[in-house]
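Heads up, the thing below is written out as structure tokens.
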Amino acid sequence: MTSKAGAVIAISALGLILAACSGGGAARKRDADGRVIPTLAEQDPASTLYAKSVGKAARGDCDEETFDVLTCFAYRGHGYEGAQMALGQCLIASGKQAEGAEWVRRAADSGWPDAQKLMAGLYFKGEGVGTDMVEAAKWAKLYSRNPSLLSLGVQPDLSFVQDFRGVMTSEQLSVADQRAESWVPSYWTPSSGIDRGIRRACSVEGRRPAPSASDIQTIPNPY
């Protein structure tokens with residue numbers, strides 16, 4: 001295959017991805033630059049469309065519309081970690097475990113409680129990631145001490161902690177503690193050409209900018 005032919009195929013593939021993220025189905029209104037103009041529901045993260053899609057993902061009900069909606073919200077970056085985790089759940093349910101685990105990790109890295117709990121389970125079972133009991137315990141500890149839950153008086157669901165009993169050595173638990181204590185949040189934003197293209201196709205802007213490295217360093221580690 002010539003380089004020119006390969007480029008044509010790559011561009012065509014990108015076009016299909018962008019079309020899917022743009023909503024598909026009926027024709028959508030576009031601005032002067034050709035970008036899809038989002039509906040009011042798409043602009044409002046608390047809208048019925050957003051909540052419905054996240055709820056469907058939690059139930060494993062991931063149809064094409066749910067994938068499209070979650071993809072566009074997930075690519076908004078920081079502030080939409082719920083959509084990132086939900087997209088990961090849908091991908092895992094559809095058999096794309098590695099890709100799904102990566103989206104769940106992005107949400108977990110930011111401190112999203114449910115994503116941290118799910119990452120613990122993925123590492124424990126080796127789904128989408130290699131089985132790693134230390135990493136599983138690290139994420140379980142981060143979830144159990146998550147300040148977002150504790151500050152609201154919400155008690156973490158620790159029913160899964162019993163899975164770790166008797167299967168880890170004291171040394172492994174110590175390493176997991178060290179990793180949890182040294183953990184700092186990080187926030188994913190689209191960086192590759194394809195990622196930025198999908199975000200532009202969805203015609204969305206981030207809910208709020210991700211904190212800078214210097215900002216993160218000034219925040220005490222609550223773990």
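Throughout, read-outs are computed from the coordinates displayed, never taken from laboratory work. Treat the numbers as computed from the prediction; the structure is a model and nothing was measured. Here Cβ is always computed from backbone atoms with ideal geometry, including for glycine, and neighbour counts include all displayed protein chains.
Things worth noting here:
- Extension gain from residue 150 to residue 162, taking 0.36 nm per residue of separation minus the Cα-Cα distance: 2.3 nm
- Proximal charge balance of residue 177 [Cβ under 12 Å; K/R count +1, D/E count -1]: +2
- By the count of neighbouring beta-carbon atoms within 10 Å, fewest first, 175, 104 end up ordered 175, 104.
- Net length gained if the chain between residue 196 and residue 35 were fully extended (0.36 nm per residue, minus Cα distance): 56.7 nm
- Where labels lie 7 Å past Cα in the beta-carbon direction, separation of residue 59 and residue 96 in nm: 2.3 nm
- Potential extension, residue 132-residue 186 segment - 0.36 nm per residue separation minus Cα distance: 17.3 nm
- For the stretch 39-140: rounded, prolate or oblate by the Cα gyration tensor [a/c cutoff 1.5]: prolate
- Cβ crowding within 10 Å, taken as a proxy for footprinting-reagent exposure, orders 202, 72 from fewest neighbours to most as 202, 72.
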